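See structure below.
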Amino acid sequence: MAVSQESVSRFRLDPCRLPAEAEQLRGEVRAFLAEHLASFPTWRRAYTWMGSDAAFSRKMGARGWIGMTWPQQYGGGERSSFERYVILEEMLAAGAPVAAHWIADRQSGPLLLKYGTERQRSDILPRICRGEAFFCIGMSEPDSGSDLASVRTRAERLADGWRLNGTKLWTSGAAHCHYMIALVRTSAAEKKHQGLSQFLVPLDGREGITIRPIRDLAGNDHFCEVTFEDARLDDDALIGEEGAGWGQVMAELAYERSGPERYLSCQPLLAALARHLGGEAGPREQVAIGRQVAHLATLRQMTLSLAGLLDRGENPALEAAVTKDLGGVFEQDLPGLVQSLLPVEPRVDDGAAEIQQLLAHLTQNAPSFSLRGGTREVLRGIIARGLGLR
Ligand SMILES: Cc1cc2nc3c(=O)[nH]c(=O)nc-3n(C[C@H](O)[C@H](O)[C@H](O)COP(=O)(O)OP(=O)(O)OC[C@H]3O[C@@H](n4cnc5c(N)ncnc54)[C@H](O)[C@@H]3O)c2cc1C
């Protein structure tokens with residue numbers, strides 16, 4: 001089916017500029033990074049928003065850089081999404097270890113702000129803002145990844161709360177988090193998107209919850225399998241409305257897929273490439289770097305526009321899927337491009353040069369860029385549907 005004028009007009013990404021007050025923050029963030037990451041190892045910069053450091057998160061919290069856009073009554077700064085964007089962009093470009101608070105700041109906090117109870121908001125949001133409460137995403141299960149609505153983890157209502165049974169898989173950071181927001185089935189329904197609900201699950205060592213780290217091919221164990229065996233939750237663990245979990249989780253995914261982390265995961269490597277070449281770049285290298293920078297500028301505009309749409313309370317699921325897909329292609333290709341331009345081998349040992357270490361770690365991680373947050377094929381299905389093509 002051809003892409004019609006009408007289907008393209010459903011796509012809303014208007015050009016947008018960072019306001020002056022947002023740009024003013026940049027110098028402050030760079031000074032903070034120079035002070036706190038002066039001796040931060042190069043290879044750890046390759047992990048950036050997958051690299052965790054609770055103490056660093058607390059320092060960011062003390063600056064007011066977590067929950068920046070949230071109401072002051074919950075510890076937030078009531079700043080604009082554009083100011084938040086500058087913080088994210090600078091942290092990612094420096095490869096700062098922001099994983100500990102990333103999910104809480106990006107999606108769990110906004111979800112609680114929108115659907116949480118007053119008690120959940122006033123208890124938890126200030127702790128997120130201080131860098132003291134970390135969250136993980138309990139969506140995927142052993143047989144439910146792309147087909148998320150097929151989740152089988154179940155919550156049953158009891159007289160004084162809920163009983164949870166099932167398994168969540170590939171849960172990033174669960175072993176170091178204080179809470180999970182889990183999508184689970186609360187009733188059998190004719191259509192699988194119905195009968196789902198979201199729960200706030202405290203990961204506080206309570207009986208019935210087992211967290212097992214899983215080692216990935218790069219030797220990291222940030223992934224976890226989280227098993228619930230008759231785990232008990234309080235009555236007020238339900239987030240939002242019972243049975244409305246599918247709509248809520250779709251809104252959460254727009255936050256998950258729309259930020260600059262979807263194209264800046266390899267930014268320290270691109271910067272290292274430019275440094276490595278110095279004034280020695282020939283026409284081939286100049287064309288390659290120029291092309292990357294042009295893509296970067298476009299992806300930056302797209303994510304800035306998404307920040308504007310989210311600021312206005314819209315749900316840009318289609319635009320976020322397009323941005324994540326294009327960003328994923330861009331960042332996934334970068335390690336291969338660097339290797340094709342430079343006569344260097346990826347190496348992880350301490351004696352290796354900066355660029356070799358970054359190359360080695362990112363080459364190992366890049367395959368996951370088109371899986372995490374929704375696979376490439378699934379995003380393209382969402383895009384086709386959003387444009388009315390399927
Ligand atoms: C680094 C990383 C971090 C992650 N962190 C989390 C997390 O914190 N929390 C969480 O809940 N999950 C997390 N995940 C899981 C991730 O969301 C799933 O891996 C992803 O959604 C794919 O699900 P799956 O692994 O079950 O693969 P499947 O869904 O089985 O897919 C296998 C292959 O089939 C293709 N496929 C499936 N359905 C279709 C279709 N309809 N049309 C075309 N092709 C299709 C897919 O594109 C893929 O190539 C993470 C994954 C990674 C890699």
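Bear in mind that the values in this text are calculations on the coordinates, not laboratory data. As the structure is a computational prediction, the values presented were derived from the model and not from experiment. Neighbour counts run over all protein chains shown; Cβ positions are idealised from the backbone, glycine included.
Restricting the calculation to Cα atoms, segment 84-190 shows an Rg/Rh of 1.02 when the hydrodynamic-style radius is the Kirkwood one. Sorted largest first, the spans of the alpha carbon positions of segment 283-331 along the three principal axes are 45, 16, 10 Å. Computed over every Cα-Cα pair of segment 138-251 and binned at 5 Å starting from 0, the pair-distance distribution P(r) comes out as 2, 13, 23, 25, 20, 11, 4, 2, 0, 0 percent.
Quick one: angle between helix 20-36 and the longest Cα principal axis of the chain, in degrees between 0 and 90, rounded to 10, please. That works out to roughly 80 degrees. Loop-located GluC sites (Glu not before Pro) in segment 216-295 (DSSP state not H, G, I, E or B) with no more than 13 neighbouring Cβ atoms inside 10 Å: E241. Which distance in Å, rounded to a whole number, links the C-alpha centroids of segment 130-152 and segment 292-325? Each part's Cα centre sits 23 Å from the other's. When segment 252-323 is described by a simple charge dipole with +1 on each Lys and Arg Cβ and -1 on each Asp and Glu Cβ, the residue from G308, A288, A271 located farthest towards its positive end is A288. Global dimensions of segment 222-285 from alpha-carbon coordinates: Rg and Dmax equal 22.3, 65 Å. Other residues within the sphere of radius under 13 Å centred on the Cβ of T375, judged by their own Cβ, net out at +2 (K and R +1, D and E -1). Loop-located trypsin sites (Lys or Arg not before Pro) in segment 129-197 (DSSP state not H, G, I, E or B) with no more than 12 neighbouring Cβ atoms inside 10 Å: K191. Label sites at H178 and E229, each approximated as a point 7 angstrom past Cα along Cα to Cβ, lie 2.8 nm apart. Charge tally for R215 (other residues, Cβ to Cβ under 15 Å; Lys, Arg +1; Asp, Glu -1): -2. Computed on segment 182-335, with alpha-carbon pairs under 8 angstrom and 6+ residues apart, the relative contact order is 23 percent. Here the chain yields Rg over Rh of 0.96, to two decimals, using C-alpha coordinates and the Kirkwood radius. On a per residue basis, the convex hull of the C-alpha atoms belonging to segment 1-109 measures out at 152 Å³. Extension gain for D143 to V348 (0.36 nm times residue separation, less C-alpha to C-alpha distance): 70.4 nm. Considering only DSSP beta bridges whose two residues both sit in the chain, what percent are antiparallel, to the nearest 5? Of the beta bridges lying entirely in the chain, close to 80 percent run antiparallel. Counting only Cβ charges, +1 for Lys and Arg and -1 for Asp and Glu, the dipole size of the chain around its Cα centre is about 520 debye.
Beta bridges per DSSP, both residues in segment 151-238: antiparallel share near 95 percent. In plain terms, the bigger the Kirkwood radius, the slower the diffusion; for segment 253-388, with that radius from Cα pairs, at 4 °C and 1.567 mPa s, Stokes-Einstein puts D at 81 µm²/s. Restricting the trypsin sites (Lys or Arg not before Pro) of segment 250-338 to loop positions (DSSP other than H, G, I, E, B) with no more than 12 neighbouring Cβ atoms within 10 Å leaves R312.
The eigenvalues of the Cα gyration tensor, multiplied by 5 and square-rooted, give segment 323-381 an equivalent ellipsoid with semi-axes of 27, 12, 7 Å from largest to smallest. Could you work out how far helix 245-257 tilts from the main Cα principal axis of the chain, as a 0 to 90 degree angle to the nearest 10? The angle comes out at about 10 degrees.
Which value does Rg/Rh take for segment 177-315 over its C-alpha atoms, Rh per Kirkwood? Across segment 177-315, the Cα-based Rg/Rh ratio is 1.13.
Using only the alpha-carbon atoms of segment 86-130 as identical scatterers, what base-10 log of I(q)/I(0) does the Debye formula give at q = 0.13, 0.18, 0.24, 0.28 Å⁻¹? With one equal scatterer per Cα and no solvent, log10 I(q)/I(0) is -0.34, -0.58, -0.83, -0.97. Count Lys and Arg as plus one, Asp and Glu as minus one, and take only other residues whose Cβ is under 9 Å from that of A366; the net charge is then -2. Applying 0.36 nm per residue to the separation of A159 and D123 and subtracting their alpha-carbon distance, the gain on full extension is 10.6 nm. Structural descriptor for segment 23-88: relative contact order 31 percent, calculated from alpha carbon pairs under 8 angstrom and at least 6 residues apart.
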